[in-house]
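The values are calculated or read from the model by the stated rules, or taken from the named source; none is laboratory data. In this text the structure is predicted, and so the values were computed from the model without any measurement. Every residue, glycine among them, receives a Cβ derived from its backbone with ideal geometry; neighbour counts consider all protein chains shown. Surface accessibility is based on the protein's heavy atoms, side chains included, excluding ligands, DNA and RNA. Shrake-Rupley method; radii C 1.70, N 1.55, O 1.52, S 1.80 Å.
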Amino acid sequence: MAEKTAARPGDPLETVKSFAATRIGKRVLSGVVMIAVALGAAAAGGAVFAGLVAALSVVLVFEWTRMVEGREFSRGFVVLAVASAAATALAARGAYLPAYAVAALGGLLTLALDAPRSGLKALWPAAAAPYLIAPSVALIWLRAGPETGRELIFFLFAIVWATDTGAYVAGKTIRGPRFSPVISPGKTWAGLVGGALAGAVAAAAAGRLVFEADAPGFFLLFGVSIALATELGDMVESALKRRFGVKDVSGFIPGHGGALDRLDGMIFATFATAIVVAAVSALQGA
């Protein structure tokens, strides 16, 4: 029987395997996969993008109910998961108002079922409807724009990813005073400002490249607004995890924790973008 050949020192394959086994390696590789999937689905649009959003929405609902209720596959999860799947399916067909109505109904039904036993604590699982399902519907709506839907999603991704990166780099290199030691001891004012600046620069660059629009002032302001919304989402999620005593919502994404850990900023950024787009559309139609 032939002996197994030992890996040579400096073997590139072994180096990659060793890196992939570390926490940072898992984080980097998971990030690359997530970016590729997100960009591919956004480029494809239609059922592909709606399907990805629908699947993530159910995962988010699962992580949310698991965190706030302290148990898996609860009655609230089942109701909200069905509502999430139905709402995103309606949104994929262009029925946005019925989609929001189904999301609200899911939240109300969850509240009605849990309130007799849990009292005011029943508000926590029911909050998944406005906090998670509604932004999922809004994201599908943003992508469905016939002329600029794809570009708008790329634009949104660029701001959110730049904000996260800018906040991380500035926070780690500059450090300085902490932004909110009670909520998230690791976050600093330098990170907050760095993230906002990175988001603004990304918006200005993406506005020029993606939309081919010469309005740097508007895009800088828009970028700062979405960047701050992204950072607010991150802070809210940190406060919620501290409230319920969890570090990572789940281990769904290797190196990143749960989908909710990774998409907290995107949730608020989607809401903010949808509000701005709706307002601009209303002004243009007036």
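Here are a few things to note about the model shown:
- Region 237-263, residues that are modelled with pLDDT of 85 or more, more than 15 Å from VAL61 (Cα to Cα) and not charged (D, E, K, R): SER238, ALA239, PHE244, GLY245, VAL246
- Residue that is nearest to SER238 (Cα to Cα) [pool: residues in region 158-192 that are surrounded by 21 or more Cβ atoms within 10 Å (Cβ to Cβ) and hydroxyl-bearing (Ser, Thr, Tyr)]: THR188
- Filter result for GLU72 (outside any helix (DSSP H, G or I), more than 19 Å from ALA54 (Cβ to Cβ) and among the charged types (D, E, K, R)): yes
- Within region 84-93, being assigned to a helix (DSSP H, G or I) and either open to solvent by 10 Å² or more (accessible area, probe 1.4 Å) or in contact with a Cys (Cβ under 7 Å, 6 or more places away or on another chain) (or both) holds for ALA85, ALA86, ALA89, LEU90, ALA92.
- Looking across region 112-131 at every residue that is of a type outside the set (Phe, Trp, Tyr) and open to solvent by 50 Å² or more (accessible area, probe 1.4 Å), the one that is nearest to GLY45 (Cα to Cα) is identified as PRO130.
- Residue in region 196-213 that is surrounded by 20 or more Cβ atoms within 10 Å (Cβ to Cβ), on the phi < 0 side of the Ramachandran plot and among the β-branched types (Val, Ile, Thr) present: no
- Region 119-164: number of residues that are under 14 Å from the mean Cα position of the chain (by Cα) and charged (D, E, K, R): 1
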